[in-house]
1. Tally Lys and Arg at +1 and Asp and Glu at -1 over the other residues with C-beta under 11 Å from the C-beta of Val132: what net charge comes out?
2. Residue-wise, which Karplus ³J(HN,Hα) couplings in Hz belong to region 111-122, taking 6.51 cos²θ - 1.76 cosθ + 1.60, θ = phi - 60°, and x for glycine or proline?
3. Could you list Cys64, Cys89 so that the one with the fewest beta carbons within 10 Å of its beta carbon is first and the one with the most is last?
4. Measuring from label point to label point, each 7 Å out along Cα→Cβ, what is the Ser36 to Arg118 span in nm?
5. So for Tyr113, Tyr8, fewest C-beta neighbours within 10 Å to most, what's the order?
6. Whole-Hz ³J(HN,Hα) for each residue in region 127-135, computed from phi via Karplus 6.51 cos²θ - 1.76 cosθ + 1.60 with θ = phi - 60°, x for glycine and proline: what do you get?
7. Roughly speaking, what is the stretch gain from Arg126 to Cys89, that is 0.36 nm per residue apart minus the C-alpha to C-alpha distance, in nm to one decimal?
8. In nm, what is the difference between 0.36 nm times the number of residues separating Arg102 and Leu3 and their Cα-Cα distance?
Amino acid sequence: MILFDGTYRLGRYSKKSPGRSDAAGPSWRIRVIDLSLDAPEVLHLRPIIVHAARNPGSVFPTDCANSLGARILRDFDLTAEKVLWIEQCDDAPHMLRVAIFRPKRFFGPQVFYSVTWRPIQANERRALLRFVPEAALPAG
């Protein structure tokens, strides 16, 4: 079940409206998917999928996990260990990769993460494509 399907932007954070900011800037289409609601009889190691795809015309030299990952995890009260974070590559939208979040340092209640990447596995791709079928299509 898709819990959120909307746009996140870099800019000033607004507690009143998750995902929105007062300043225009690079943006990503974010989908938060809860697999446990779709198949409650199955025990998922990572029951939440976060799918991120950069919006067209949004130029920025980084990825969503590094720039907005901690904010999205906080906004949706997600635990990084329970999230399968999948991003589409800008130069090849049908290419998908998975982010691995590791807590890096803590300043009060705020957690910072280091992010590493790996290729998506076949079972992860199948789980995502049930909810985001266009992720399989090459650009064109």
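None of the figures in this text is laboratory data; all of them are computed from the coordinates on show. The model shown is predicted, which means the values in this text are computed figures rather than measured ones. Cβ placement follows ideal geometry from the backbone for every residue including glycine, while neighbour counts extend to all protein chains displayed.
1. Counting the neighbours of Val132, the net charge comes to +2.
2. So the Karplus estimates, Gly and Pro as x, are 10, 10, 10, 9, 10, 10, 10, 9, x, 6, 8, 4 Hz.
3. Neighbour counts put them in this order, fewest first: Cys89, Cys64.
4. 2.2 nm
5. In order of increasing Cβ crowding within 10 Å: Tyr113, Tyr8.
6. Working through the residues one at a time gives 4, 5, 5, 5, 9, 10, x, 5, 5 Hz.
7. 11.6 nm
8. 33.2 nm
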